[in-house]
Structures are given as structure tokens and as C-alpha cells.
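Taking it in order: structure first as C-alpha cells, then the write-up.
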Amino acid sequence: QVQLVESGGGLVQPGGSLRLSCAASGSIFSIDAMRWYRQAPGKQREMVAVLRNDGVTNYEASVKGRFTISRDNAANTVYLQMNSLKPEDTAIYYCNVDLRLTYRGAISYYWGQGTQVTVSS
């Protein structure tokens with residue numbers, strides 16, 4: 001079974017920083033892309049960052065310049081470094097990965113369990 005375990009969330013003051021981690025484990029042949037989403041109460045889930053397997057990144061406009069997505073391929077781990085945090089960044093953050101379970105298998109996606117980020121003074 002593929003498992004994505006998230007960590008690093010918590011309470012931080014405006015202007016502070018957090019680094020989220022998402023570690024994938026299980027029988028994984030390859031990972032094609034990694035993403036971070038977030039969802040605030042009463043709001044739709046939105047994608048905030050994506051890292052393709054060729055290294056190309058994209059960010060949601062409101063986090064560009066403040067958030068950085070990166071990976072450790074050896075550890076099958078994706079990170080989200082969040083700087084200059086604002087109250088509107090408060091949400092549950094979810095990681096998402098596109099992967100293959102076998103050499104000729106289809107690409108499918110998996111979700112982490114979510115980690116709460118609260119930005120408040």
C-alpha cells in the first residue's frame with residue numbers, strides 16, 4: 001500500500017515560517033509529480049504548488065515568492081517551505097503525488113492525510 005505521511009504543520013505568527021514534509025512509502029516504481037494543496041473551512045481545495053519530475057515548478061499567484069516546493073528523491077519526500085506567512089494562509093495542507101506502482105502501470109495519484117497550518121497572532 002502506498003502511504004503519504006505529512007508533518008510540519010502548526011501555529012505560527014504572521015510573518016513566520018514553516019516547512020511541511022510529505023514522505024511517500026510503499027511499493028512505488030516511480031514518482032512523476034508532486035503537489036501541495038490547501039483547503040480552508042468553507043472553501044474549495046486549491047493547488048498552491050507543483051513540482052514536475054523534470055524540475056519545473058508552478059505556484060498559485062498568492063503564494064509565489066513566499067512558498068517553495070522541493071523534493072528529496074532518495075527519500076521520496078516533498079517539502080513546502082512557507083515564508084512570510086499570512087493569516088489567509090491558514091488551511092489544511094495536503095500533499096499529492098502522481099506515481100507508477102509498476103514499470104508499465106498507469107500513473108495515478110495519492111493524497112496525504114493533511115496537516116493543519118494556522119497563522120495567527
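The values are calculated or read from the model by the stated rules, or taken from the named source; none is laboratory data. Being a predicted model, the structure only gives us computed values, none of them experimental. Please note: Cβ atoms are built from the backbone with ideal geometry, for glycine as well, and neighbour counts cover all protein chains shown. The protein model used for the area step is the full one, side chains on, heavy atoms only, and it has no ligands, DNA or RNA in it. Shrake-Rupley method; radii C 1.70, N 1.55, O 1.52, S 1.80 Å.
With charges only on Cβ, +1 for K and R and -1 for D and E, what is the dipole size of the stretch 1-109 about its Cα centre, in debye, rounded to 20? Display every interim value, and only then the final one.
Values: 12 positive and 9 negative charges, 14 e Å.
In total the dipole reaches around 60 debye.
Taking Cα pairs under 8 Å and at least six residues apart, what relative contact order does the chain come out at, in percent? Write out the running numbers ahead of the final one.
On the way: 298 pairs, mean separation 44.1, N = 121.
About 36 percent, as a whole number.
Extending 7 Å from Cα along the Cβ direction at GLN3 and again at LEU101 yields two label points whose distance is 1.6 nm.
Add +1 for every Lys or Arg and -1 for every Asp or Glu among the other residues with Cβ under 15 Å from the Cβ of LEU85, and state the total. Combined, the nearby Lys, Arg, Asp and Glu give +2. Only protein atoms count toward the accessible area here, which uses a 1.4 Å probe; on the chain, the carbon and sulfur part of that area reaches 47 percent. Placing a pseudo-label 7 Å from each Cα along the Cα-to-Cβ vector at GLN13 and SER84 gives an inter-label distance of 1.9 nm. How much of the calculated P(r) for the stretch 32-121 lies past 22 Å, in percent of all Cα pairs? For the stretch 32-121, the share of Cα pairs beyond 22 Å comes to 28 percent.
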